[in-house]
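Notes follow the structure.
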Amino acid sequence: MFRPAPRIPDNKKYLNVNPLQLKGDILLLASDIVPLLSATTMIFSIMSDNFQVLIFLSLNGKITRKQEMKCTLPKSIEILERTPDVLIAMLHNLSADWTSGNEGGETWSVFDIVGHLIEGEKTDWIPRMEIILSDKPDKTFEPFDRFAQFEESKGKSLTQLLDEFKRLRNRNIERLRSKNLTDQNSEEKGIHPAFGEITLSQLLSTWTVHDLNHIAQIASVMAKQYKAEVGPWVEYLKILQL
């Protein structure tokens with residue numbers, strides 16, 4: 001007997017009881033499911049957590065695969081120049097309860113994370129770019145102190161840190177633009193003290209994703225401050241389970 005396809009709520013109930021199990025690296029989906037992904041974040045989350053690659057089979061029989069972006073300077077700057085204002089919008093004038101707490105142990109608070117971003121502006125991204133573009137025979141980077149903020153941020157307020165980060169980032173964006181980088185420049189190389197040879201394109205990509213990584217970390221740290229308060233909804237709040 002023909003049975004109509006179950007509705008999304010029925011799928012959700014079924015998956016809550018019978019969660020998807022990892023059976024391979026690749027999940028192949030019909031393309032007509034794509035519009036439904038926005039209808040249930042839970043189903044999309046399960047798929048993305050359990051499979052390395054999602055491939056969609058289009059209705060004309062051709063296989064399509066989601067392509068990752070290629071790093072370009074304009075696209076990277078779109079993120080880099082917005083980050084200070086994103087952080088100011090998120091954090092300015094918040095009570096210390098939101099910004100001074102961490103996730104326990106040696107994890108970082110919001111205050112610590114902003115301080116870390118400042119140290120990157122001073123000693124990481126632009127100084128390493130300058131080394132890559134220089135004529136020096138030795139293009140080895142100085143090690144970056146990931147914990148320098150614990151000393152450098154002493155005696156400062158979060159407002160001061162946010163202002164300092166915005167000032168340094170604006171200056172660095174100007175320096176980045178002034179280089180008039182070409183595709184050929186993007187393949188120039190430096191030596192990372194841990195990873196070895198890396199390209200300028202990889203450095204700029206990492207700078208961009210580093211921003212997004214710490215914005216997500218800030219959201220996570222703040223969310224964890226209410227973890228005990230949300231009660232049974234903790235099951236549905238993935239950010240509290242990371």
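The values are calculated or read from the model by the stated rules, or taken from the named source; none is laboratory data. Keep in mind the model is a prediction, meaning the values are calculated, not measured. Backbone-built Cβ (ideal geometry, glycine too); neighbour counts: all protein chains shown.
Structure above, values below:
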read-out	value
Selection count, region 183-198, where residues are closer than 10 Å to Ile132 by Cα, more than 21 Å from the chain's Cα centre (by Cα) and not acidic (Asp, Glu)	5
Condition check for Thr208: in the same structural domain as Glu130 (by TED's automatic domain parsing), assigned to a helix (DSSP H, G or I), in contact (Cβ under 8 Å) with a residue 12 or more places away in the chain and crowded, with 16+ Cβ neighbours inside 10 Å	yes
Meets criteria (without any contact (Cβ under 8 Å) to a residue 12 or more places away in the chain and buried (at least 16 other Cβ atoms within 10 Å of the Cβ)) for Ile198	yes
Residues within region 122-152 that are crowded, with 20+ Cβ neighbours inside 10 Å and more than 21 Å from Asn185 (Cα to Cα), tallied	1
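This table checks each residue for (1) in the same structural domain as Gly101 (by TED's automatic domain parsing); (2) closer than 16 Å to Leu204 by Cα; (3) in contact (Cβ under 8 Å) with a residue 60 or more places away in the chain.
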residue: Glu121; (1), (2), (3): yes, yes, no
residue: Ile126; (1), (2), (3): yes, yes, no
residue: Glu130; (1), (2), (3): yes, yes, no
residue: Thr159; (1), (2), (3): yes, no, yes
residue: Leu168; (1), (2), (3): yes, no, no
